[in-house]
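Trainee: Here it is, the structure in full.
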Amino acid sequence: MLTLAFDTSSKTAAVAILRDEAILCDTLINTGLNHSEVILPAIERACNQTGINIAEIDLFACTLGPGSFTGLRIGASTLKGLMLATGKPAVGISSLAAVALNAGKSSKIICSVMDAGRGQVYIADFECKEDGALVQTGEDKVLNPAEIQHDSKKEIIFVGDGAVKYADIIIKARNKKMMISSTLQQYIRASSVGILGMEKYKRNELLDAQTFVPVYLRSADAVIKKSLFQNG
């Protein structure tokens, strides 16, 4: 099965093509350009590099949030377009779950921490089962970094750009059982989106192109600014 996976949920963008679980192409883009400028050209390059026509793709997978409001809308629009143009199935993936895969098959609690802007982070906890399956153990949250709390007796690894950005706040107690993953592991890899996507496909958790929407955990910046202006 050929899977085309992509991510536009944070400041980076990513595209990957997988044949079953073999990664054929895995690209991370961190140029600072708007995702609308880079995602379709990146998909085209990935197809060219692998010699695969978009019509040959069996499954599309894309992160649906949480994340950047503009980025999520671009990702969702791109996914809808690919679904409607090809008639192929698609799955939506949690951005935080994709980040958690960067920690590998860890025996520790994996806390995904994405920079949410406005001094906040998106977080969720995950565990790896013996068979390697990633299981989310709590709901997605948006918090101030200082509000992140865990059982101090458990070993925890924090992963993601939010963990790197707010490392000093998160590990304020210098608990030896808590660690921050490498800066090299902070961004979402599209190959992770693809791997999680195949698992969802096997469970028949498919998207409806007409009805699916991105996952937002708070109101958009523009809405808040408009509200403040009107109240003033």
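No value in this document is a laboratory result; all are computed from the given coordinates. These numbers were taken from a predicted model, which means no experiment stands behind them. Ideal geometry is used to build each Cβ from the backbone, glycine not excepted, and the neighbour counts take in all protein chains shown.
Trainee: For the stretch 120-126, in order, what is each residue's ³J(HN,Hα) by Karplus, 6.51 cos²θ - 1.76 cosθ + 1.60 with θ = phi - 60°, in whole Hz (x at glycine and Pro)?
Mentor: After applying 6.51 cos²θ - 1.76 cosθ + 1.60, I find 10, 9, 9, 9, 7, 9, 9 Hz.
Trainee: Would you look at the GNM of the chain, springs on alpha carbons closer than 10 Å, and say which of 151, 26, 161 moves the most?
Mentor: 151
Trainee: Ranked by Cβ crowding within 10 angstrom, fewest neighbours first, how are 4, 59 ordered?
Mentor: Ordered from fewest to most neighbouring Cβ atoms within 10 Å, 4, 59 come out as 59, 4.
Trainee: Now a separate question. Count neighbours as other Cβ atoms within 10 Å of each site's Cβ, and list the GluC sites (Glu not before Pro) in the stretch 154-214 that are DSSP loop with at most 15 such neighbours. Each step should come with its number before you reach the end.
Mentor: Details: sites: 155, 199, 205; in loops: 155, 205.
Filter output for the stretch 154-214: 155, 205.
Trainee: If I build a Gaussian network model for the chain, linking alpha-carbon pairs within less than 10 angstrom, which residue out of 186, 136, 210 has the largest mean-square fluctuation?
Mentor: Taking springs between Cα atoms under 10 Å, the residue moving most is 210.
Trainee: Here is a further query. What does the charge count near residue 66 come to, summing +1 for each Lys or Arg and -1 for each Asp or Glu among other residues with Cβ under 12 Å from its Cβ?
Mentor: -1
Trainee: Do any trypsin sites (Lys or Arg not before Pro) in the stretch 53-149 lie in a DSSP loop with no more than 11 other beta carbon atoms within 10 Å, and if so, which?
Mentor: 118, 129
Trainee: Here's something else I'd like to know. For 6, 69, what's the fewest-to-most ordering of other Cβ within 10 Å of each Cβ?
Mentor: 69, 6
Trainee: At 25 °C and 0.890 mPa s, what whole-number value in µm²/s does Stokes-Einstein give for the translational diffusion of the stretch 97-185, with Rh from the Kirkwood sum over Cα pairs?
Mentor: Estimated diffusion coefficient is 191 µm²/s.
Trainee: Starting from the Cα of residue 129, draw a straight line to each of the lysines and keep only those under 21 Å, dropping any in the same chain fewer than 8 residues away.
Mentor: Here the lysines satisfying the reach criterion relative to residue 129 are 105, 108, 153, 154, 177, 200, 202.
Trainee: Roughly what angle does helix 190-202 make with the longest principal axis of the chain, taking Cα atoms, 0 to 90 degrees, to the nearest 10?
Mentor: 70 degrees
Trainee: Arranged by the count of other C-beta atoms within 10 angstrom, fewest first, what order do 99, 135, 142, 38 take?
Mentor: On the way: 99 34, 135 11, 142 16, 38 20.
Least crowded to most crowded, the residues run 135, 142, 38, 99.
Trainee: With each run of n ≥ 4 DSSP H residues scored as -39500 (n - 2.57), what mean residue ellipticity at 222 nm is computed for the chain after dividing by its residue count and rounding to the nearest 500 deg cm²/dmol?
Mentor: Rounded to the nearest 500, it is -9500 deg cm²/dmol.
Trainee: Taking the alpha-carbon centroid of each part, what is the distance from the stretch 125-148 to the stretch 188-202 in angstrom?
Mentor: 17 Å
Trainee: Hey, what angle do you get for helix 35-50 against the long axis of the chain, alpha-carbon based, 0 to 90 degrees rounded to 10?
Mentor: Between helix and principal axis, roughly 60 degrees.
Trainee: Per-residue counts of other Cβ atoms within 10 Å, averaged by peptide: what ranking do you get for 8-16, 27-35, 89-97, highest first?
Mentor: Sorting 8-16, 27-35, 89-97 by mean packing, highest first, produces 8-16, 89-97, 27-35.
Trainee: Which entry in (i) 144; (ii) 122; (iii) 136 matches volume of the Cα convex hull per residue in Å³ derived from the coordinates of this structure?
Mentor: Entry (iii).
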